[in-house]
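Read through the structure below, which is laid out as structure tokens, and then see the notes.
Read-outs throughout are calculated quantities, based only on the coordinates presented, and are distinct from any laboratory measurement. Nothing here was measured: the structure is a model prediction, and the numbers come from that model. Note that each Cβ is placed from the backbone with ideal geometry, even for glycine, and that neighbours are counted across all protein chains shown.
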Amino acid sequence: MKIKTCFEERPGNAPAVSPLMRLHAALLALSATVLAPCAFAAQMPPAADAAPTAATRLAAARASDEETVRALSADGRLLLARDRVKLDGYAYCSMSVAASERGDFRVAIEAASRMLVLAKDTDNDNLQALAHRDLAIAYSYAGDLLDAKRYAASALEGKPKDPAQVYAPAHKVLGDVALREGDPAGAIEAYRAALDTASSRYRPLVLASLASAQIAAGDTAAARASLTASGGPPETALAPFFRRIEGNLLLAEHEPAKALDAFSAGLSKVSQDAQGDAGYDNLWAHEGMARAWLALGDTAHARAALDDALADSETMRARFRSDEFKTGLFADVQSVFDQAIGLAVDEQDFGRAWRIAEQSRARALLDTVRGRVDGGVDTQQLNGEALTLAQVRDALRENEAIVEYHSLAHRTIAFVVRRDGLTGRVLPIERRDLGSAVDDFRSAIVGQSPDARAFGTRLDKLLVAPLDLRPGERLVLVPHGVLNYMPFQALRNADGYLIQRHAFALAPSASVAVQLVARERAVSSHLVAFGNPRISPRYELPGAEREVRGIVPLFGQASAWLEDDATRARFRDSAPEGRVLHVATHAHADPVDPLYSRILLAPATQPADGPDYLSARDIYNLRLDGVALVTLSACDTALGRVDRGNEIMGLTRAFFYAGASSVIVSMWQVNDDSTALTMRTFYRSLTEGKEAIDAMRDAQLAVLAEPGFEHPYFWAPFDLTGGWRLTVAR
């Protein structure tokens with residue numbers, strides 16, 4: 001396979017992202033190597049009373065842009081200093097190109113950050129423009145549309161030697177982002193601008209994207225003209241994508257029978273073993289056929305075609321495909337699952353809808369890991385066995401229920417599974433509105449606003465009240481999409497907060513929840529803890545060290561590694577020895593690539609030039625089969641990339657894969673004193689014989705009852721995910 005160089009244009013785009021993910025992409029550090037220390041502050045600045053003016057917002061945006069470039073440049077300088085082999089700027093450019101093409105977005109961004117440093121040091125305007133172009137494409141592919149636009153705009157302000165290498169791809173990125181954000185008119189304008197400087201080789205791809213935007217805008221005549229002008233795919237590997245655009249255009253032209261023929265022609269007769277992409281191409285051919293059958297009014301054939309598409313998803317290889325973005329199709333495999341779920345719900349078949357929702361979560365995780373973990377990934381261990389509804393029901397006790405959500409574009413589906421059956425509810429809240437509501441709720445909590453109660457009450461009415469939960473029922477909540485960011489415990493009704501009404505835990509899926517709880521046993525009272533790794537003064541966490549010292553006496557056996565001893569090597573050697581692993585350090589959830597989410601530890605040698613890292617990718621290669629519970633008492637450890645078919649995929653799922661059955665993570669920057677009380681209460685209840693789900697409830701209620709800690713900011717940051725029945729032997 002040919003590896004492209006940095007001098008060849010590339011289009012770019014991203015998977016769909018929620019409004020909340022875009023917010024976090026802007027708020028979280030954009031670097032995987034430079035992380036601002038956690039606040040651990042009791043108070044946060046109050047919000048300004050007056051709305052910002054346009055000039056103020058522009059100034060803030062410019063300041064943010066400057067800060068981002070400074071952060072990336074700082075990253076690049078540290079990376080260059082640590083590189084054993086020094087390359088020139090254009091070699092890093094080629095590295096960035098290749099990494100984006102294979103889906104290693106953090107690697108691509110790190111290579112581009114090196115380019116920024118070298119461009120500045122050598123006063124090389126051409127290299128700087130290429131770096132901004134590569135950043136735009138990497139962020140766009142990764143799903144961070146906000147930063148994709150930021151760097152595309154910067155690339156257009158650059159001074160490249162060959163404008164075609166920079167300006168056409170930058171305009172293409174802006175068009176891709178606009179189309180994904182539901183602005184086909186803006187996309188059309190950007191794609192036309194890309195055509196002004198596009199090379200003859202690049203023009204067919206831009207024209208294909210333009211045709212997709214014109215279809216979305218309802219201008220089928222213009223779309224037909226653009227697709228014809230493209231002359232077809234510039235290489236045979238892109239033929240399936242152009243066929244799909246043709247099928248989409250025929251549907252838009254109200255020719256469903258012809259569209260059905262076009263999509264059917266895309267079915268591969270070659271086996272998956274002989275042609276690795278056959279399953280992927282067949283999936284989209286069957287998905288298009290389903291839409292054509294629906295347009296023809298034949299629901300039965302549409303359902304059968306979607307069943308075939310879901311079967312294709314089981315055979316297709318999990319790898320990143322940049323070609324789909326180049327042609328403006330922006331394929332999202334999860335949308336196929338959404339269509340199948342929606343059709344099942346329309347037919348009131350909630351059992352079938354639940355099975356497909358479970359299947360979608362497994363596929364999303366596999367696509368994210370997609371063979372990028374060293375040594376490969378055991379698919380069975382990654383997703384577990386796909387359980388039947390009967391198996392899940394049989395694993396529940398009489399006072400337990402699994403509540404599983406699935407957010408569709410225009411409605412949200414809630415499934416409630418108990419020993420005595422499954423019920424389904426259609427909640428009239430659209431995905432976009434749900435994202436805004438959760439965003440408002442989280443912002444009110446993190447800002448310690450009194451509005452948090454009102455937002456929590458509103459969401460409780462939308463998401464919990466319709467479910468007819470039984471009093472005191474223990475819940476296992478399976479969130480979806482933006483709901484992974486929501487502190488369910490702070491939802492509120494007339495009877496109090498949800499945590500006052502129900503003990504609950506989270507889970508990636510119902511099948512995984514049952515398998516994690518099956519791992520559990522009464523583990524020995526053996527703690528291994530890490531806290532306050534020595535990195536530099538800005539990273540010091542004296543409160544975290546006190547936290548660790550406060551919980552050590554609660555266990556029969558304990559090892560605590562603090563300051564200089566809290567190293568990556570010590571973690572690798574000592575963590576597997578414990579049954580409870582407690583980590584009180586800084587952490588960074590990577591919004592670009594969940595496999596680069598990382599825990600910050602002390603370097604092996606002092607003084608340090610920066611932190612040493614334990615990434616999710618590293619954790620996948622650890623063996624922690626003896627560890628039952630992992631507690632990440634650090635800032636934002638639960639945050640990360642949200643994929644619509646699965647839970648937040650970062651450190652949490654990595655620890656499950658490594659062998660843990662239960663993981664506790666924080667959802668925002670935590671307060672020293674309230675965290676210490678949370679952990680002391682939780683571990684005291686756990687070591688006294690209570691199950692983890694009840695011990696976590698005890699801890700949150702204890703903080704809630706403490707004067708000064710009544711706001712959810714203090715008592716609601718931690719979530720228990722996974723095995724809720726875990727106990728520690730007394």
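Give the aspartates and glutamates reachable from K161 as a straight Cα distance under 17 Å; neighbours fewer than 8 places away on the same chain don't count.
Once the sequence-local aspartates and glutamates are set aside, what remains near K161 is E8, E9, D123, D125, D134, D196.
Which ordering of Y90, Y683 is given by a fewest-first count of other beta-carbon atoms within 10 Å? If you can, show how the numbers build up before the last one.
Values: Y90 17, Y683 25.
Arranged by neighbour count, lowest to highest, Y90, Y683 become Y90, Y683.
So if I take the centroid of the Cα atoms in region 525-581 and the same for region 463-493, what is the distance between those two points in Å?
Computed from Cα coordinates, the inter-centre distance equals 33 Å.
Out of all DSSP beta bridges with both ends in region 389-501, state the antiparallel percent to the nearest 5.
Numbers: 15 of 20 bridges.
The antiparallel fraction comes to roughly 75 percent.
Note the full-extension length gain between A608 and D564 as 0.36 nm times their separation in residues minus their Cα-Cα distance, in nm to one decimal.
14.8 nm
Taking the Cα centre of region 513-728 as origin, work out the dipole magnitude from +1 charges on Lys and Arg Cβ and -1 charges on Asp and Glu Cβ, in debye rounded to 20.
Values: 21 positive and 27 negative charges, 106 e Å.
Here the size comes out at about 500 debye.
Once you have a ≥ b ≥ c as the square roots of the Cα gyration tensor eigenvalues for region 113-172, tell me rounded if a/c is under 1.5, and otherwise prolate or oblate according to whether a/b is larger than b/c. Present the calculation step by step, with values, prior to reporting the outcome.
Details: a/c = 2.41, a/b = 1.39, b/c = 1.74.
Since a/c reaches 1.5 but b/c is at least a/b, the shape of region 113-172 is classed as oblate.
With a 10 Å Cβ neighbour count serving as the proxy for reagent exposure, in which order, fewest first, do E358, E157 appear?
Values: E358 25, E157 9.
Ordered by Cβ neighbours within 10 Å, fewest first: E157, E358.
For A225 and A81 in one chain, what is 0.36 nm times their gap in residues minus the Cα-Cα distance, to one decimal in nm? Show your work: numbers first, answer last.
Values: separation 144, 0.36 × 144 = 51.84 nm, distance 5.19 nm.
Stretched fully, the A225-A81 segment lengthens by 46.6 nm.
Hey, with R₀ at 35 Å, roughly what FRET efficiency would D625 and R730 work out to, going by the Cβ-Cβ distance, to 0.05?
Numbers: r = 23 Å, r/R0 = 0.66.
Given R0 = 35 Å and the Cβ-Cβ separation, E is 0.90.
What does the C-alpha gyration tensor say about the overall shape of region 648-730? Classify as rounded when a/c is under 1.5, otherwise prolate if a/b is larger than b/c, or oblate.
On the way: a/c = 2.54, a/b = 1.28, b/c = 1.99.
Oblate is the answer for region 648-730, as a/c is 1.5 or above yet b/c matches or exceeds a/b.
With the cut-off at 1.5 for a/c, could you classify region 513-728 from its C-alpha gyration tensor as rounded, prolate or oblate?
On the way: a/c = 1.25, a/b = 1.14, b/c = 1.09.
Note, shape of region 513-728 comes out rounded.
Separation between the E181 and Q348 pseudo-spin-labels, each 7 Å from Cα along Cα→Cβ, expressed in nm?
Spacing of the two 7 Å Cα→Cβ label points: 4.3 nm.
Kindly flag which residue pairs out of K172/K326; K86/K120; K461/K690; K149/K326; K159/K326; K149/K172 have an alpha-carbon separation exceeding 19 Å in this structure.
Details: K172/K326 9 Å; K86/K120 16 Å; K461/K690 31 Å; K149/K326 17 Å; K159/K326 24 Å; K149/K172 10 Å.
Over 19 Å apart, Cα to Cα: K461/K690; K159/K326.
Which order, highest average first, do 669-682, 126-139, 192-205 follow once you tally other Cβ atoms within 10 Å for each residue and take the mean per peptide?
Details: 669-682: 21.6, 126-139: 28.4, 192-205: 18.4.
The most tightly packed comes first, giving 126-139, 669-682, 192-205.
Please arrange R180, R519 by counting, for each residue, the other beta carbons lying within 10 Å of its beta carbon, fewest first. Intermediate results must be reported in sequence, preceding the final value.
Working: R180 22, R519 16.
Starting with the residue having the fewest Cβ neighbours, the order is R519, R180.
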